[in-house]
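*Asks:* This is the structure I want to talk about, given as structure tokens.
Bear in mind that the values in this text are calculations on the coordinates, not laboratory data. On a predicted model such as this, the values are computed, not experimentally measured, just so you know. Every residue, glycine as well, gets a Cβ built from its backbone with ideal geometry; the counts of neighbours run over all protein chains shown.
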């Protein structure tokens, strides 16, 4: 028994170690983004973000000025040894020291030693640049400044809000009313409509986009909030209705009967009794739909694409990637701004999110 | 509240039945016009839009319910369910069911939908080099994406179950699920970044260089393997989903069942293959289908990372391109229908499941 336990302990240690490595691998991409978003633009392009961690690096401890007439084509004499010009250009290591040109023309040579060091220049300039819509100043590596136009992520943040909140509330309200009817009312077509809803659960939205786009163009709904709310509502409806049906149909039947006896109408039962009782289910599916819409790119690209002033964040970032793909200071800050809300929702309401996932996934 | 169906009452009902829908449409149309033309500052716009979106829908239900309440009891009972289901049915009909039928129709038409071309578009999908590449890549996504997500998900779920920091580990693995593919695209583009002849600031190339290798332009290198670097992003994001669901399934396996097997001398491998896998096979299947459906529709990652260049196109990106760049509604619709056909088995399974659970 004792032997077994020690074996178990050993395997637990191994499990922990393996899992820790996996977790590290999983979190490094996000950490890299977060760290980079606070580094000055010039630094990001010159050194990897991991250099903010303490690491051994060559630091110049002394500068030698060689005689002006040193011939660079001949072996060069440094502290009694000779090296070629190529060696000194790349840096040559002797014992603990390294010799590398600081300035070849002035014959200035750096003598470096390895020391612990870290690059700890941080700035919030990237965020100011990305959030603002107006001109902003950016510090250049040589100490000067440059003026550029902001990316207007601040406005897109609010656009995303204006798209996401109604696109969450509307389908959930509509789906809950429908789910109530499916669960507790009898009417012709009840079964066939529900079967259609189940069939629609996994239908790819691509099959709907072209005709909707045509309708929206003729109705003038392209590039409007109302248009994208309705689109998101329709695409989310099957899953939400199915989810809410499961929640509402599980409520005890006596509840309805006694409420009816008291003369309550279906509408009052729904708003005074059912909605409060299904709050956990509502919370789960709301988070699900909220994150879905917040993170969406395809639907907004197609229905909001024509109007720059209503662009949501995902479109803004995608445009930045396309037009300024090497401006990592802007990209990282913009991406992190768009992640803030989902991450806050996720960490605050993780329990509900997981519950929604468990309920929603089973049917794909 | 017994209402006598007198003539005056009937007239009043008729009037109300016309007035309530007309008022609803009118009021919301006016609000819509106000929003479209107002040019409010974004914050005010957001707040007002949220108010309209929430209260507006509720008021529609409220007014129609009130209208139905005016009818005699027998009618009330018959009409009320349609007030409750109606909006959902209308929305689904207008924006999902009808469009699907219309897309099917368009897939038999030429590029600008003026001429019937029969199955020509479908033939093109399976012969045109661009489209065939998209199909092949989508297959790569489905196979590798699903296998890796399910495999890692299961592995991590089992490890987490036995570790000393389950909650933290699960939160870390799950976290990428909350962020968008666009943001994840930026994160990974930075990891794969390649600067010729300079210090490598992309993590992957820095690692390669540290081990003495040559830095690579990962996203454009030897095709079709660059697709795998895109699939890695999906794995990073969706493994958390598989893990959470597997974790719940593993926890529901009765502890004494596992204990009994251990007492009988079964080692952990036997327990895994002979007890765990059969017990959670249902969950395994449903997670696999969910991820397959998800990978079939993959769009954002490819769009952000490569835009479909370097032979990384998938069906959904090619769909977008046919539609907006080549203005070819025929090919676009056909690609959408191909996606639909691919999910039909899943639809059938779902409907069977529904019937098996007793339906109604």
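*Asks:* Take every residue in peptide B:159-166, count the Cβ atoms of other chains within 10 Å of its Cβ, and give the average of those counts.
*Replies:* On the way: counts 8, 4, 1, 7, 8, 5, 4, 1.
Mean inter-chain Cβ contacts per residue within 10 Å come to 5.
*Asks:* If one takes the longest principal axis of the Cα atoms in chain B, at what angle in degrees, from 0 to 90 and to the nearest 10, does the Cα axis of helix B:315-324 lie?
*Replies:* 60
*Asks:* Given an 8 Å cut-off on Cα distances and at least 6 residues of separation, report the relative contact order of chain B as a percent. Don't skip to the answer; put the middle values down first.
*Replies:* Values: 333 pairs, mean separation 80.1, N = 360.
That works out to 22 percent.
*Asks:* While we're looking at this one, here's another question. Between B:190, B:108, B:299, where does the largest GNM mean-square fluctuation fall for chain B, given springs only between Cα atoms within less than 10 Å?
*Replies:* Per the Cα network of chain B with a 10 Å cutoff, B:190 tops the list.
*Asks:* For chain B, what percent of Cα pairs sit more than 25 Å apart?
*Replies:* Values: 46187 of 64620 pairs.
Of all Cα-Cα distances in chain B, 71 percent exceed 25 Å.
*Asks:* Related question: For the range B:1-132, just say rounded, prolate or oblate: build the C-alpha gyration tensor, square-root its eigenvalues into a ≥ b ≥ c, call rounded for a/c under 1.5, and beyond that prolate if a/b exceeds b/c, oblate if not. Write down the numbers at each step before the final one.
*Replies:* Details: a/c = 3.30, a/b = 1.72, b/c = 1.92.
Oblate, because a/c is 1.5 or more while a/b does not exceed b/c.
*Asks:* Can you give me the distance in nm between label points at residue A:103 and residue A:217, each placed 7 Å from the Cα along the Cα-to-Cβ direction?
*Replies:* 6.4
*Asks:* I've got another one for you. For chain A, set up a GNM with springs between Cα atoms under 10 Å and report which of A:32, A:227, A:152 has the largest fluctuation.
*Replies:* Per the Cα network of chain A with a 10 Å cutoff, A:32 tops the list.
*Asks:* Relative contact order for the range A:54-117 using alpha-carbon pairs under 8 Å, separation at least 6, rounded to a whole percent?
*Replies:* On the way: 107 pairs, mean separation 29.4, N = 64.
Dividing the mean separation by the residue count of the range A:54-117 yields 46 percent.
*Asks:* Can you list the equivalent-ellipsoid semi-axes of the range B:183-264, largest first and in whole Å, using the square root of 5 times each Cα gyration tensor eigenvalue?
*Replies:* That gives 41, 15, 11 Å for the three semi-axes.
*Asks:* Kindly list the residues of the range A:45-85 that lie in the label zone of residue A:118, defined by a backbone N under 11 Å from the point 7 Å along the Cα-to-C-beta vector.
*Replies:* Residues passing the 11 Å test: A:51-55.
*Asks:* On average, how much area does the Cα convex hull of chain A cover when viewed from any direction, in nm²?
*Replies:* Numbers: hull surface 130.4 nm².
Over all viewing directions, chain A projects a mean Cα-hull area of 32.6 nm².
*Asks:* Mind checking A:332-345 for the average number of partner chain beta-carbons within 10 Å of each residue's beta-carbon?
*Replies:* Working: counts 4, 1, 3, 10, 4, 1, 5, 10, 1, 2, 6, 4, 1, 1.
Average per residue, whole number: 4.
*Asks:* Which order do peptides B:276-288, B:260-272 fall in by mean Cβ count within 10 Å, highest first? The partial results should precede the final answer.
*Replies:* Numbers: B:276-288: 16.5, B:260-272: 11.8.
Those peptides, ordered most packed to least, come out B:276-288, B:260-272.
*Asks:* At 222 nm, what value in deg cm²/dmol follows for chain A if DSSP H runs of at least 4 each add -39500 (n - 2.57) and the sum is divided by all its residues, to the nearest 500?
*Replies:* On the way: 14 runs with 213 residues, N = 364.
One gets -19000 deg cm²/dmol as the mean residue ellipticity at 222 nm.
*Asks:* Let me ask something else. Specify the angular offset, from 0 to 90 degrees and rounded to the nearest 10, of the alpha carbon long axis of helix A:225-249 from the longest principal axis of the alpha carbons in chain A.
*Replies:* Approximately 60 degrees, to the nearest 10.
*Asks:* Let me ask something additional. Could you state the angle between the C-alpha long axis of helix A:313-323 and the longest principal axis of the C-alpha atoms of chain A, as a value from 0 to 90 degrees rounded to the nearest 10?
*Replies:* 40
*Asks:* Follow-up. Could you give P(r) for the range B:2-75, binned at 10 Å from zero, as whole percent values over all Cα-Cα pairs?
*Replies:* 17, 37, 23, 15, 8, 1
*Asks:* Just rank B:259, B:166, fewest to most, by other beta-carbon atoms within 10 angstrom. Show your work: numbers first, answer last.
*Replies:* Values: B:259 10, B:166 15.
Going from least to most buried by this count: B:259, B:166.
*Asks:* Another question, then. By how many nm would the segment from residue B:22 to residue B:127 lengthen if fully extended, with 0.36 nm per residue of separation less the alpha-carbon distance?
*Replies:* Numbers: separation 105, 0.36 × 105 = 37.80 nm, distance 5.20 nm.
Additional length available on full extension: 32.6 nm.
*Asks:* Next up: Which whole-number percent gives the relative contact order of the range B:1-146, counting Cα pairs below 8 Å spaced six or more residues apart?
*Replies:* 17
*Asks:* Size of the range A:30-92 along its principal axes in angstrom, Cα-based, largest extent first?
*Replies:* Reported extents, whole Å, longest axis first: 50, 19, 16.
*Asks:* Continuing with this model, one more query. Once you average over the residues of B:55-61, how many Cβ atoms of partner chains fall within 10 Å of each Cβ? The partial results should precede the final answer.
*Replies:* Values: counts 1, 6, 10, 5, 0, 2, 6.
Taking all residues of B:55-61 together, the mean is 4.
*Asks:* For the residues B:321, B:162, A:39, what sequence is obtained by ranking on other C-beta atoms within 10 Å, fewest first?
*Replies:* Ordered from fewest to most neighbouring Cβ atoms within 10 Å, B:321, B:162, A:39 come out as B:162, B:321, A:39.
*Asks:* Follow-up question, since we're still on this one. Fewest Cβ neighbours within 10 Å first, please rank A:10, B:76 accordingly. Don't skip to the answer; put the middle values down first.
*Replies:* Details: A:10 10, B:76 16.
By the 10 Å Cβ count, ascending: A:10, B:76.
*Asks:* For the range B:167-213, what are Rg and Dmax over the alpha carbons, in angstrom?
*Replies:* My reading of the Cα-based Rg and Dmax gives 14.2, 44 Å.
*Asks:* While we're looking at this one, here's another question. Which value, to two decimals, describes the C-alpha radius of gyration of the range A:153-358 once divided by 2.2 N^0.38 Å?
*Replies:* On the way: Rg = 19.4 Å, N = 206, 2.2 N^0.38 = 16.7 Å.
Computed over Cα atoms of the range A:153-358, the ratio equals 1.17.
*Asks:* Based on DSSP H runs of at least 4 residues, each adding -39500 (n - 2.57), what is the mean residue ellipticity at 222 nm of chain B after dividing by all its residues, to the nearest 500 deg cm²/dmol? All intermediate terms of the calculation are to be shown ahead of the outcome.
*Replies:* Working: 16 runs with 247 residues, N = 360.
Estimated from H runs of four or more residues: -22500 deg cm²/dmol.
*Asks:* Turning to a different aspect of this structure: So if we plug the beta-carbon distance of residue B:94 and residue A:10 into 1/(1 + (r/R0)^6) with R0 = 60 Å, what FRET efficiency do we get, rounded to 0.05?
*Replies:* Approximately 0.45, to the nearest 0.05.
*Asks:* Shifting gears a bit: Using only the alpha carbons of the protein assembly as shown, what is the convex hull's orientation-averaged projected area in square nanometres?
*Replies:* 42.4
*Asks:* Further question on the same structure: Show me A:336-349, B:234-247 ranked by packing, highest mean number of other Cβ atoms within 10 Å first.
*Replies:* Working: A:336-349: 18.4, B:234-247: 24.1.
Ranked from most to least packed, the peptides come out as B:234-247, A:336-349.
*Asks:* Moving on to the next point. Compute the separation of the alpha-carbon centres of the range A:317-348 and the range B:167-202 and state it in Å as a whole number.
*Replies:* 11
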